[in-house]
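Here the structure is laid out as structure tokens; the discussion comes afterwards.
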2 protein chains.
Amino acid sequence: QGDRQGMDGLLAPRDREDRCHSRSRHHLYRQPSRFKPSKYLVSKLRQYEALHQRCAPEAEKSRQDGGGGSSCQFLVWVSYSGLGNKLVTLAATFLYALLTDRVLLVDPGVDLEELLCEPFPGSSWLLPSSFPREWLRGLNESSQHRFGSIVRDAGKCVPDASHLIAAPGKVYIHLTHTYDEQDRRFFCEGEQEFLRKVPWLFIKSNNYFVPSFYFMPTFRAELERMFPERETVFHHLGRYLLHPSNSVWARTTRYYESYLGGAELLVGLQLRTFEGSIEAFSNQVLECVVENKMLPNVTRDDEASRLIDGGEDRSISVLITSLHQIYYERLRDMYVMFPTEDLSRVKVHLPSHEGVQKTDTSDHDKKALMEIFLLSFCDTLVTSPMSTFGYVAQGLAGLRPRVLRRLEDDPTQPACSSVLSVDPCFHAPPLYDCDCKGGRDPGKVLDAVKHCQDVKWGIQLVNNPSDE
Amino acid sequence: QGDRQGMDGLLAPRDREDRCHSRSRHHLYRQPSRFKPSKYLVSKLRQYEALHQRCAPEAEKSRQDGGGGSSCQFLVWVSYSGLGNKLVTLAATFLYALLTDRVLLVDPGVDLEELLCEPFPGSSWLLPSSFPREWLRGLNESSQHRFGSIVRDAGKCVPDASHLIAAPGKVYIHLTHTYDEQDRRFFCEGEQEFLRKVPWLFIKSNNYFVPSFYFMPTFRAELERMFPERETVFHHLGRYLLHPSNSVWARTTRYYESYLGGAELLVGLQLRTFEGSIEAFSNQVLECVVENKMLPNVTRDDEASRLIDGGEDRSISVLITSLHQIYYERLRDMYVMFPTEDLSRVKVHLPSHEGVQKTDTSDHDKKALMEIFLLSFCDTLVTSPMSTFGYVAQGLAGLRPRVLRRLEDDPTQPACSSVLSVDPCFHAPPLYDCDCKGGRDPGKVLDAVKHCQDVKWGIQLVNNPSDE
Ligand SMILES: Nc1nc2c(ncn2[C@@H]2O[C@H](COP(=O)(O)OP(=O)(O)O)[C@@H](O)[C@H]2O)c(=O)[nH]1
Ligand SMILES: Nc1nc2c(ncn2[C@@H]2O[C@H](COP(=O)(O)OP(=O)(O)O)[C@@H](O)[C@H]2O)c(=O)[nH]1
């Protein structure tokens, strides 16, 4: 138990009285991880915690001094986008902090403080409230301190980026879907050299940009030591960093105990759709779970005498998360109307159906976080293509889910297919062009990085084929 | 078990292979009745079964002969109104058959055959299909063979009804909410004398008219022998007569086993409302269940340290039936968001939310019947005022529910109150006027019959105060 609770050293040893319930009690709900963190990762985390404890209190002073006056360097994660996006970019930004010995500070936006526990022992990860929030909110592709504009102003592409010289006190790294060719040079080693001299970096992103770190040899070497099992980057960092607040955790465990606990098998279906596609998607989901034997088929002959009531067979709980309730209703009704072929009992649950995304509304976000965690307690998962909401769930669970075919894909393709990796997909990777020779397909340069199933132009960390 | 299965003699002994699963297996789901049927009732039922077996096959011939040619007399129940209404009038009409030695035949309407098993051993209760259905459908307050019009045509009120002479071959008894003063004389002993000579009676009703039988001394004497515990009339007759078809039963037990089984307490809330009243009603329901300690209250302080997860306490299932899902969502969310004061776990279920009544649509009616039966498996019930749907559930369960205050009632009244009797309320009883002396309030003539809580002008069978 002790080991499961501490996740094999991933979590810092704490007082018995860790006030964050989800951190001290996750192991009562979630399957133990199939993956062990490397010793090297564990030591990096302990080092980071010491750095954080020393440096976080100096943030305010450093800011006032315009970046000087402290030996510490800072990295600010700026709140942006939906919850799944936030959680993958938090992990990616934290990894960048680990790789660059920076202290991660987070802008909590509207409600992050209500959603997550403080992850680091001894000092807060919250950006001091004296920081001008207006300025953070306004950061975008045309902001003054943008890294991309510094690169553009420096002139023509240079492989070692030696043309970038005067390092300012702060730089804004723009990594959202609107980032341009210059912003993308963030993923080149020369440019990283330059950034090492900047005391304050600010990152805003809605992308899991970790896979592109592998294109920088120094980072790659470090990453291969930290994560010998490549697909576990988000898995370990997410389990280390992301702990629901006590209020969210209490809901999560109440929901689990009331509705999901006790079943012999817990199957999660993350159904992220947009109005209009519902009918086709609904059939596809059913096809996926039945053809892959994730759920039993039903027999329409409900008079079959062997199928009468009173059977005490295997019980399966299905957790559906979705903005819409139609999938839930169909599946639930199917299993009420017809007996299953193998006599197992299937009950279906939907914790909420919010109708539309209402990001940055406290109660809505709490539901979303609860549902991500409930999904991460499941034994098997089906996820929706292109959804970071699903990526977080699979990553925390440490599972390779089946991902549903996209609606725009060829309908003769299977309804869903197994993904290659537990790790999230980077939806908008830069072409590989650090040598200034013209872009190359980033899914075809390294063994470590392949195109994703659900997003053909996206990339994803995969284990070496020989490790499988 | 044998006794529970046969309900203390209420059900006829059958082959081991009763093909109606609900009849042979009800005892696996429903609480055993607190009430025993009287020996006299049991013998009446056995006599009735013999009569039915002998006479039902003669129905066709009797019809062709215009009522002659058979020693048997018939009583036809005409399909009409919502499912709850149908089931209470079926029981009431069957009781009338028992009291008058007639054979009950039912017009199955659109889907009754799909909903209920055949109740009588050896021969069907279905009206032969050769009977003109058009004619049945058209029966109403202006039909030619209406009993009320015979009474009107015979002239002024006569206490012993000796003015009614020439008995026709068939009479239509109009007992819906549009029945008039003449139709109401059905509930007088003199008029019953006259009806005894009519071979074919047809009844259409949406009312549980049993309580008015107690105003006829001959019937009353018989009823007091059959039902020494007066409030059990519908309870016993309903349990005797109403058995869901195998298809409905299979759904019912699957739903029960998947969602409701296993809880230590099963609380049923039957929430029958009409668009517009939902908000106020929702608060009222909560007030009712919490104030009467049917469900635990929650504490809004969800950080209280004693209330953290991991508690393994009492589990309560709540079954809500309603056309609308808002009550379900509110109650479910409340128990997910906040811990209960007594640490019990409360899970809430809603098998369907049909939005609007769609009577005589097969799948809709199957859901309704399933839900009535699920309610009848509950340990305690809250019902809605004026609803026969709730009456059937409480009657089958043998429970006195708490009935919710009507919206039009004084809101300072309690949110709900215990009903006086398990037996349904007759919503539109005639005034007591068999002596032709002018109507008297039927709730004030007999000990056996009192006004209902939920419908102030309605009447209901109650036990003698001394029996309580
Ligand atoms: N509660 C809940 N909210 C959802 C669900 N799917 C989407 N949402 C909402 O929509 C947002 C989607 O944004 P995000 O989490 O970034 O995921 P993505 O857009 O699928 O990559 C979520 O954060 C929720 O606010 C769901 O299944 N359950
Ligand atoms: N499935 C379901 N149907 C309902 C519910 N409440 C009302 N209905 C529908 O509306 C009809 C109401 O008519 P009836 O059963 O006669 O009950 P009453 O109108 O309440 O006396 C039902 O038969 C159903 O068709 C409910 O809680 N569940």
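The values are calculated or read from the model by the stated rules, or taken from the named source; none is laboratory data. These figures come from a predicted structure and were not determined experimentally. Neighbour counts run over all protein chains shown; Cβ positions are idealised from the backbone, glycine included. Calculation scope for accessible area: heavy atoms of the full protein, side chains included, ligands and nucleic acids excluded. Shrake-Rupley method; radii C 1.70, N 1.55, O 1.52, S 1.80 Å.
On C-alpha positions alone, give me the angle between the axis of helix A:246-255 and the longest principal axis of chain A, in degrees, nearest 10. In chain A, helix A:246-255 runs at an angle near 20 degrees to the longest axis.
Taking a ≥ b ≥ c as the square roots of the Cα gyration tensor eigenvalues, with a/c under 1.5 meaning rounded and otherwise prolate when a/b beats b/c, else oblate, which class fits segment A:198-244? It comes out oblate by the Cα gyration axes.
Near A:Ser352, the amide H atoms lying under 5 Å from its own belong to A:Ser322; only residues 5 or more places off or on other chains count, and H is placed 1.01 Å from N. The residues packed around B:Gln453, meaning those with a beta-carbon under 13 Å from its beta-carbon, carry a net charge of +3 if Lys and Arg are +1 and Asp and Glu are -1. Relative to the longest principal axis of the Cα atoms of chain A, the long axis of helix A:39-55 lies at roughly 60 degrees. Placing +1 on each Lys and Arg Cβ and -1 on each Asp and Glu Cβ, with no other charges, gives chain A a dipole about its Cα centre of roughly 1160 debye. Around the Cα centre of segment A:313-468, unit charges on the Cβ atoms of Lys, Arg, Asp and Glu (plus for the first two, minus for the last two) sum to a dipole of about 120 debye. The rotation axis that maps chain A onto chain B passes nearest to the beta carbon of this chain A residue, listed with its distance in whole angstrom: A:Gly262, 4. Label-point spacing for A:Gly155 across the identical copies (point 7 Å from Cα in the Cβ direction), in nm and ascending order: 12.6.
Any chance you could give the angle, 0 to 90 degrees and rounded to 10, that helix B:326-337 forms with the longest Cα principal axis of chain B? Helix B:326-337 sits roughly 30 degrees off the main axis of chain B. Pairs exceeding a 22 Å alpha-carbon distance, out of A:Lys204/A:Lys358; A:Lys86/A:Lys197; A:Lys86/A:Lys366: A:Lys86/A:Lys197. Projected label points at B:Glu58 and A:Lys456, each 7 Å from Cα along the beta carbon direction, are separated by 8.0 nanometres. Across chain A, Cα pairs under 8 Å and at least six residues apart give a relative contact order of 17 percent.
Accessible surface area normalised per residue over chain A is 38 Å², counting heavy atoms of protein chains with a 1.4 Å rolling probe. Across segment A:402-441, the relative contact order, built from alpha-carbon pairs under 8 Å that are at least six residues apart, equals 28 percent. Projecting 7 Å from Cα along the Cα-to-Cβ direction, the label point of B:Gln357 sits 4.3 nm from its equivalents in the other copies, listed shortest first. Be a star and scan segment A:283-301 for residues whose amide nitrogen sits under 19 Å from the point 7 Å along the Cα-to-Cβ vector of A:Asp342. Taking a point 7 Å out along Cα→Cβ of A:Asp342, the residues of segment A:283-301 whose backbone N falls under 19 Å are A:286-301.
Using a 10 Å cut-off around each Cβ of peptide B:349-355, what is the average number of partner chain Cβ atoms that fall inside?
That average works out to 2.
Lacking any other cysteine beta-carbon closer than 4.7 Å, the following Cys residues of the protein assembly as shown have no compatible partner: A:Cys378, B:Cys378.
Considering only A:Ala91, A:Pro57, A:Ser124, the residue lying farthest towards the positive end of the dipole of segment A:1-133 is A:Ala91, judged by Cα position with unit charges set on Cβ.
Rounded to the nearest 20, the Cβ-based charge dipole of the protein assembly as shown about its Cα centre (Lys and Arg +1, Asp and Glu -1) stands at 620 debye.
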